[in-house]
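First the structure, in the form of structure tokens, and then the observations on it.
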């Protein structure tokens, strides 16, 4: 069995200060882990009568096809997830010009690393239809870069990272 956690911000842009709701499921089997996000959306709709506005999850529990389905759904569900790193992806980071990177300060008194280096761009994903935003983080306390992907294009990188800073906490552990 796998432990699955997904965080949602049901108030996304309207009330971002309201915080996140956390949903966990320790009953996910390896054979159905790729559909965990879709199962959660169905669970949420049955309980609330409407789709969640924003999902934040680990990439282990979905596929690019399922993210595409969320993006193309009539509810246009926003998501943020860590992208799985591959050798080619890591090599491509070194080709990004220094001038395309920005420094973002992460708020928090107890944070060991307070400033991260971020590249905000677009990428293409296999089995994903449409545009996808990719945030690449370096100098964040890990040896290798971290890759976040999202279909939320409405807020700038600093706000995106700040609003979803728990993802950074996961990365920086």
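Readers should treat all values here as calculations from the given coordinates under stated rules, not as data from a laboratory. Values in this document were obtained by computation on a predicted structure and should not be read as measured data. Cβ coordinates were reconstructed from backbone atoms using ideal geometry, including for glycine residues, and neighbour counts include every protein chain displayed.
So here's what we get for this one:
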{"item": "Neighbour-count order for 95, 62, fewest beta carbons within 10 angstrom listed first", "result": "95, 62"}
{"item": "Prolate/oblate/rounded call for region 69-110, Cα gyration tensor, a/c under 1.5 rounded", "result": "oblate"}
{"item": "Approximate spin-label separation residue 92-residue 48, in nm, with each point projected 7 Å along Cα-to-Cβ", "result": "3.2"}
{"item": "Sequence of 143, 107 once ranked by neighbouring C-beta atoms within 10 Å, starting from the fewest", "result": "143, 107"}
{"item": "Proxy reagent accessibility, fewest Cβ within 10 Å first, across 85, 133, 48, 126", "result": "126, 48, 85, 133"}
{"item": "Per-pair calculated FRET efficiency, R0 = 25 Å: residue 144 and residue 112 via Cβ, rounded to 0.05", "result": "0.90"}
